Amino acid sequence: MNIEVKTSQETELIDITQRVKEIVRDAGAKDGLCVIYTPHTTTGIIVNENEARLREDILSALDKAVPKGAGYQHDQIDHNAHSHLRAILLGPSVTIPIENGNLALGTWQSIFLVELDGPRKRSVHVSVHALQRI
Ligand code: ZN
């Protein structure tokens with residue numbers, strides 16, 4: 001299943017937790033794994049707390065870790081090397097256990113698509129893999 005997201009900022013965190021939960025519920029797996037994957041080179045997938053100031057902190061920490069326009073080779077052809085490098089730090093996927101039909105997320109955990117070169121149309125692939133208990 002794909003989740004389509006239209007981002008509206010250059011960088012932003014989009015909470016996709018409810019949409020992933022619906023896909024897991026519809027899949028009907030009791031025990032398994034859910035893989036949430038983004039097929040883009042300038043987005044990331046993370047699990048963390050959805051708190052407004054923390055969302056700002058995450059984006060500003062990425063900005064400090066990989067500043068825009070710091071003499072990157074790729075900027076000579078595409079002007080978004082910082083977006084690719086930030087995406088590499090976050091990674092393109094997360095895997096979350098499914099227990100008793102639900103994502104085993106902690107109380108404060110949400111799933112985010114992180115836009116790093118927006119605004120753009122993005123897609124997130126969500127696959128559910130049922131496990132047989134032994
Ligand atoms: Zn590029």
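The values are calculated or read from the model by the stated rules, or taken from the named source; none is laboratory data. Quick caveat: nothing in here was measured; it's all calculated off a predicted structure. Quick reminder, even Gly has a Cβ in these numbers, built from the backbone with ideal geometry, and neighbours come from all protein chains shown.
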| said: I'm trying to understand the selection: among the residues of segment 64-112, which are assigned to a loop (DSSP other than H, G, I, E, B), away from the ligand (no atom under 16 Å from the Cβ) and of a type in the set (Gly, Ala, Ser)? | reply: 91, 101, 104, 106
| remark: For segment 30-47, pairs from a residue that is within 27 Å of residue 81 (Cα to Cα) and without any contact (Cβ under 8 Å) to a residue 60 or more places away in the chain to a residue that is of a type in the set (S, T, N, Q) and surrounded by 15 or more Cβ atoms within 10 Å (Cβ to Cβ), with Cβ under 9 Å and 6 or more apart or across chains, are 41/83
| task | List every residue pair whose Cβ atoms lie under 6 Å apart, where the two residues are 6 or more positions apart in sequence or sit on different chains, the first residue falls within segment 49-76 and is over 19 Å from residue 107 (Cβ atoms), and the second residue, located anywhere, is in a loop (DSSP other than H, G, I, E, B) and within 16 Å of the ligand (Cβ to nearest atom). | result | 59/11
| note | Log entry, pairs with first residue in segment 77-96 being modelled with pLDDT of 95 or more and among the charged types (D, E, K, R), second being within 10 Å of the ligand (Cβ to nearest atom) and in a loop (DSSP other than H, G, I, E, B), beta carbons closer than 9 Å, six or more apart or on different chains, reads 86/42; 86/117
| task | Select from segment 17-29 the residues that are of a type in the set (Val, Ile, Thr) and closer than 30 Å to residue 82 by Cα and write down the one among them that is surrounded by the fewest Cβ atoms within 10 Å (Cβ to Cβ). | result | 17
| remark: Scanning segment 57-87 residue by residue, the ones that are of a type in the set (A, V, I, L, M) and either in contact with a helix residue (DSSP H, G or I) (Cβ under 6 Å, 6 or more places away or on another chain) or more than 14 Å from residue 44 (Cβ to Cβ) (or both) total 5
| When you scan segment 22-39, how many residues do you find that are part of a helix (DSSP H, G or I) and in contact with a helix residue (DSSP H, G or I) (Cβ under 7 Å, 6 or more places away or on another chain)? | 0
